[in-house]
Amino acid sequence: MEKNKKSSFSGRLGYVMAVAGSAVGLGNIWRFPYLAAKYGGGTFLFTYVILALTVGFALLVSETALGRKTGNNPIKAYKILGAKKLKIGGWLNSIIPMLIVPYYCVVGGWVCKYLFEYLRGSSHILTQDTYFSNFIANPISPAFWLVVFAVLTFIVVIKGVEKGIEKVSKILMPILVVIAIFISIYGLMTPGAIEGLKYYIIPDFSKFSIMTVIAAMGQMFYSLSIGMGILFTYGSYMKKDVDMEKAISQVEIMDTLIAFLAGLMIIPAVFAFSGKDSLNAGASLMFITMPKVFNSLKLGGFIGGVFFLLVLFAALTSAISLMECSCATLMEQFHISRKKAALAMIIEMLALGIPISLGYGVLGWIQPLGMTLLDFFDFVTNSCMMPISALCTALLIIFVTKLKTISDEIKISSAFKREKVYNFVMKYICIPTLLIILLSYILSTFGIITL
Ligand code: PHE
C-alpha cells in the first residue's frame with residue numbers, strides 16, 4: 001500500500017549526499033574545531049574517530065536499517081516492530097526534528113545576514129566587537145533573516161525527495177567540499193599558521209581526560225544526526241538494492257572529513273591572528289572572531305564571503321533534513337499531502353522560531369531554566385531527548401527485534417563486513433555510552449561538571 005506513494009532516493013549517491021547534507025552542518029564547522037582546540041587537538045580527533053567508527057556506526061546502521069525495513073517514520077516504525085513499551089522512542093524521534101528546526105533556522109538566519117553583508121561589500125562592519133550582540137538583540141533583523149532561511153528550506157522540501165532534497169544535496173555538497181579545501185589551504189598559507197596546525201593535529205595527552213571522551217561522544221551524536229529521526233526517515237527512502245553499509249561508511253567519512261577540514265580552516269588562521277586563547281571563544285568564534293580573521297587576510301572580503309556561503313550550504317542541507325523528516329511524519333500520520341505538511345511545518349517553524357530569534361533582545365526576559373530560548377531548546381532536544389530516543393532504539397533492537405533483524409536487512413543488498421563490530425557495540429557499549437551522555441549533559445547544564 002505504501003509502495004505507490006513512497007518517495008525515494010534514486011540510488012546510493014543521492015542517499016549519501018542527502019544524509020551527508022544532514023550530518024554536515026553547523027556542528028561540524030563551528031563546534032568541532034572549537035572542541036578539538038579545547039580538548040587537546042589530536043587527542044580529541046583520535047577519540048572522535050574511534051567513537052564514530054564504533055558507536056556512531058552502530059547507531060547509524062540501526063536507525064537506517066529500521067527505517068528501510070519498515071519503510072516508515074519512527075512512530076510507525078516502532079509500532080510495526082511491536083515495541084509497545086518503547087512507544088515513546090518513536091514519538092521522541094519524530095518530535096525532536098520539529099523542535100530543533102525552528103532554532104536551527106534562527107542560526108541559519110544569522111549566517112544569511114553575514115553572507116549578505118559580505119556580498120554587499122560591507123564586511124568591515126562585522127569586525128566591530130559589538131556588531132554581533134547588537135544584531136541578535138535587534139527587534140526585527142534576526143526574525144527577518146530567520147524567515148529568509150526558513151523559506152529557502154521550505155522551497156526545497158516542497159519539491160520532494162528526488163527533485164528537491166536529492167538534487168540540492170548533489171549540487172551543494174560537492175561545492176561545499178571544494179570550498180572547504182580551498183579555504184583550508186589559503187588559511188594554512190598565512191604566516192604563523194603552521195604553529196596552529198601543530199596545535200590542532202599533534203596530540204597533547206596532558207589534556208586527555210574523561211571529559212575529552214564525553215565531549216567527543218556528544219559531538220559525534222549531534223554531528224551524525226543520531227537519535228533525531230532523520231536516519232529512520234532517510235532510511236525509509238533508501239531502495240532495497242542500495243548497499244547500505246557502504247553508503248553509511250561514506251557518510252561517516254564525509255562528515256568526519258568536513259569536520260577535520262573545518263578545523264583546518266579555523267584553527268591555524270585564528271591561531272595566527274590572535275593566539276590560542278581566542279579559540280576558546282565558543283559560540284562567538286564563527287560570528288565574532290572569524291570576520292576579524294578574514295579582515296586581516298589578503299582578499300579577506302572574498303574569502304569571508306565564500307566561507308559564509310559554505311556555512312550557509314551546510315546549515316541549509318541540515319535544516320532541509322529536519323524539515324523533511326517532520327513533514328514525513330505529518331504526511332504519514334495524518335494522511336495529508338506534502339504541500340499541506342510543508343505549510344504546517346513552516347507555520348510551526350516561524351511560530352517557534354520568531355520568538356527564539358528575538359530571545360536575545362525584546363524577548364530576553366523569557367528565560368526558562370535561566371537560559372536564553374535558543375539554549376533552552378537546544379538543551380531540551382539535544383541533551384535530554386536525543387540520548388533517550390537513541391537509548392530507546394538501542395533497547396528496541398536488543399530486546400524486541402534482536403540484532404539479527406538488522407543484519408538481515410543489511411544483507412539484502414550486500415555482505416555485512418562490520419557485523420562483529422556492530423554486534424559487540426550494540427551488546428556492550430551503546431547503552432552505557434548513551435547513559436553517560438545523558439547524565440553528563442544534564443550535570444553540565446546545571447554547572448555541576450564543566451564540559
Ligand atoms: N548534524 C548537524 C550538524 O552537525 C546538525 C543536525 C542535528 C542536523 C540534527 C539535523 C538533525 O550540524
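No lab work stands behind these numbers, since they all come straight from the coordinates. Since the structure is predicted, the reported quantities are computational estimates derived from the model, not experimental observations. Neighbour counts are summed over all protein chains in view; Cβ atoms, including those assigned to glycine, are modelled from backbone coordinates with ideal geometry.
I'd like the full set of residues that are surrounded by 19 or more Cβ atoms within 10 Å (Cβ to Cβ) and among the polar types (S, T, N, Q), limited to segment 315-356. Of everything in segment 315-356, those that are surrounded by 19 or more Cβ atoms within 10 Å (Cβ to Cβ) and among the polar types (S, T, N, Q) turn out to be Thr317, Ser318, Ser321, Ser326, Thr329. If only residues of segment 434-443 that are farther than 8 Å from Ser383 by Cβ and either under 20 Å from the mean Cα position of the chain (by Cα) or small (Gly, Ala, Ser) (or both) are counted, the one that is surrounded by the most Cβ atoms within 10 Å (Cβ to Cβ) is Leu434. Of all residues in segment 62-78, those that are within 18 Å of Cys327 (Cβ to Cβ), surrounded by fewer than 24 Cβ atoms within 10 Å (Cβ to Cβ) and either touching a Cys at 6+ places or on another chain (Cβ under 9 Å) or charged (D, E, K, R) (or both) total 1. Can you say whether Ser249 is within 18 Å of the chain's Cα centre (by Cα) and either within 16 Å of the ligand (Cβ to nearest atom) or closer than 18 Å to Gly229 by Cα (or both), as far as the supplied structure shows? Criteria not met by Ser249. Of the residues making up segment 221-235, not a single one is farther than 18 Å from Gly27 by Cβ and more than 23 Å from the chain's Cα centre (by Cα). Val293 - would you say it is within 18 Å of Val111 (Cβ to Cβ), away from the ligand (no atom under 16 Å from the Cβ) and either without any contact (Cβ under 8 Å) to a residue 12 or more places away in the chain or buried (at least 21 other Cβ atoms within 10 Å of the Cβ) (or both)? Criteria met by Val293. For beta carbons closer than 7 Å, sequence separation of 6+ or different chains, a first residue in segment 115-134 that is under 12 Å from Thr289 (Cα atoms) and a second that is hydrophobic (A, V, I, L, M, F, W, C), the qualifying pairs are Tyr131/Ile125; Phe132/Phe287; Phe132/Ile288.
Restricting to segment 45-60, name every residue that is touching a residue at least 40 places away in the same chain (Cβ under 8 Å) and either under 18 Å from Pro432 (Cβ atoms) or in contact with a Leu (Cβ under 9 Å, 6 or more places away or on another chain) (or both). Scanning segment 45-60 gives Thr47, Tyr48, Leu51, Ala52, Leu53, Thr54, Val55, Gly56, Phe57, Ala58, Leu59, Leu60.
Conditions tested, residue by residue: (1) within 16 Å of the ligand (Cβ to nearest atom); (2) part of a helix (DSSP H, G or I); (3) charged (D, E, K, R).
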{"residue": "Tyr104", "(1), (2), (3)": "yes, yes, no"}
{"residue": "Leu115", "(1), (2), (3)": "no, yes, no"}
{"residue": "Pro139", "(1), (2), (3)": "no, no, no"}
{"residue": "Trp145", "(1), (2), (3)": "no, yes, no"}
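Scanning segment 257-287 for residues that are farther than 17 Å from Lys198 by Cβ and β-branched (Val, Ile, Thr) turns up just one, Ile258. Those helices (runs of 4 or more DSSP H) of segment 1-93 in which at least 1 residues are under 22 Å from the mean Cα position of the chain (by Cα) and more than 14 Å from the ligand (Cβ to nearest atom), considering only elements entirely within it, cover 12-23, 32-38, 42-51, 57-70, 74-80.
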